[in-house]
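Heads up: the structure comes next, in structure tokens.
What follows draws every value from the coordinates through simple rules; no lab data is involved. Given the structure is predicted, the values throughout are model-derived calculations rather than measurements. Glycine also receives a Cβ, built like all others from the backbone with ideal geometry; neighbour counts cover every protein chain displayed.
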Amino acid sequence: MQSTTPPLPPMARAFHQLVAEIPDPRSPRGRRYPFRAFLTAATAAMLANHRSILAIAEWTAALSPPAKLALGLPPGAAPHQTTFARLFRRFDPTLLAQLLTAAQHPRCPQELPARGSQGVAIDGKAQRGRRTLTGPPVHAVSLVTHDTAAVLAQTALTAPTDSEAAAVPPLLAQVPWQGRVLTGDALYCQTAFCQTVIDAGGDYLLSVKANQPSLLRDIQWLFVEPHLLDDLRTARTVNKGHGRIEERVIRVSSDLADYSRWPGLAQVFELTRTWQDAAGCRHQATRYGVTSLPADVADAARILGLKRGHWTIENRVHWIKDEVLGEDASRIRCDHGP
């Protein structure tokens, strides 16, 4: 007798094949629903704007029998909210994140991307809705591409005393760096991180502040009398938005490369932002930075573009997590639940 179970839709079948490599964290006894069906149902519910575990469970229970079969669930039943919650607390999402990244953004081993062709931003984000609860806030550090806003890797801080810097070395090790440029704020401007990226075939472009006083002082003195520099290049942009006009002027020089002991240093820059707010008041701020990209690979305009591209992680990842997915409103805090 032939089976009357309809075949899975192509997208669900592809997702099932992808997560087949992930071990089921449950005990073999009493498994009523397939593990991959949980992940498929949760993913489909989130795409349908059901963002909490309760909403995911209610949406799954309300599906028609054919829709449940399409997700890999039995047609007459659906997991309860507590079942979803228990599974997510025990399920380590690290392997799932790696599989999704590899499936959506594959790179051929023979592929040799041009040096500095893709920026990758690094930044951390705390989930504010959990700050009022007992224990430390849930905090994650992510690596995100500038052009596609793809999360290449992500790791959570596992102890209250952990800092973002402590999570960086294993995170950097997950990404192939050939052709990529690490961008970040002054927290990540550390010799060990820069050396790691260079050793992996990549580059860096990082802000410099008072946490590196000697390096900051050298850069500031370099631009005191720019007319004395042997190499000085500039670029300028003017943008209008958010109720203000903002001008950015960047000055770039490679004169410090032969004197600094900073690993891989090729160029330094001074970025001056000038803007006028809605009340007509004029403001100005100056920031400094370093990069391992040489002048023949990245001119002043390219460095300015990479610096601006770093905001992808805020505008297209952190903002979406908070405003679209409601991450900051979530109260889940136990184990892998967040």
Taking chymotrypsin sites (Phe, Trp or Tyr not before Pro) as exposed when in a DSSP loop with at most 16 other Cβ atoms inside 10 Å, the chain has its longest clean stretch at 1-258
Put +1 on the Cβ of every Lys and Arg and -1 on every Asp and Glu Cβ in the range 25-87; which of LEU73, LEU54, PRO34 then has its Cα farthest towards the positive end of the dipole? PRO34
Return the whole-Å distance between the Cα centroid of the range 304-329 and the Cα centroid of the range 223-290. 23 Å
So what's the angle, to the nearest 10 degrees on a 0 to 90 scale, between helix 81-90 and the longest Cα principal axis of the chain? 50 degrees
Which value in deg cm²/dmol, rounded to the nearest 500, describes the helix-derived mean residue ellipticity at 222 nm for the chain, given -39,500 (n - 2.57) per DSSP H run of n ≥ 4 and division by the residue count? -8500 deg cm²/dmol
If I stretch the segment between GLU247 and HIS80 completely, what's the gain in nm (0.36 nm per residue apart, minus their alpha carbon distance), one decimal? 54.7 nm
The answer for ASP123, listing residues at least 5 apart or on another chain whose modeled amide H is closer than 5 Å to its amide H, is SER142
Under 25 Å between alpha carbons - lysine pairs in the chain that sit 8 or more apart or on different chains: 6
Scan the chain and hand back the longest stretch that contains none of the GluC sites (Glu not before Pro) lying in DSSP loops with at most 13 other Cβ atoms within 10 Å. 112-338
Mean Cα-pair separation over length for the chain, i.e. relative contact order, pairs under 8 Å, 6 or more apart, %: 15 percent
Report, to one decimal in Å, the Kirkwood hydrodynamic radius for the range 43-83 based on all distinct Cα pairs. 10.1 Å
Given a Förster radius of 41 Å and the C-beta distance between TRP319 and LEU112 as r, what FRET efficiency does 1/(1 + (r/R0)^6) yield to the nearest 0.05? 0.75
Only bridges whose two residues both fall in the chain count here: according to DSSP, what percent of them are antiparallel, nearest 5? 85 percent
Skipping prolines and chain starts, which residues have an amide H placed within reach, meaning under 5 Å, of the one on LEU205, given they are 5 or more residues away or on another chain? LEU182, THR183, GLY184
To the nearest 10 degrees, how steeply does helix 35-47 sit against the main Cα axis of the chain, on a 0 to 90 scale? 60 degrees
Counting C-alpha atoms alone, how compact is the range 142-239: give Rg to one decimal and Dmax as a whole number, in angstrom. 16.3, 50
Just need log10 I(q)/I(0) for the chain at q = 0.10, 0.11, 0.13 Å⁻¹, Debye formula, equal scatterers on the alpha-carbon atoms, no solvent, rounded to two decimals. -0.73, -0.84, -1.06
In a GNM of the chain with a 10 Å cut-off on Cα contacts, which of GLN118, GLN104, GLN154 has the highest mean-square fluctuation? GLN104
Of the listed peptides 62-74, 295-307, what is their order by residue-averaged count of other C-beta atoms within 10 Å, with the highest listed first? 295-307, 62-74
Just order 94-100, 140-146 by mean Cβ neighbour count inside 10 Å, highest at the front, would you? 140-146, 94-100
The answer for the per residue Cα convex hull volume of the range 268-338, in Å³, is 175 Å³
With angles folded into 0 to 90 degrees, how steeply does helix 94-104 sit against the dominant principal axis of the chain? Use alpha carbons for both and round to 10. 80 degrees
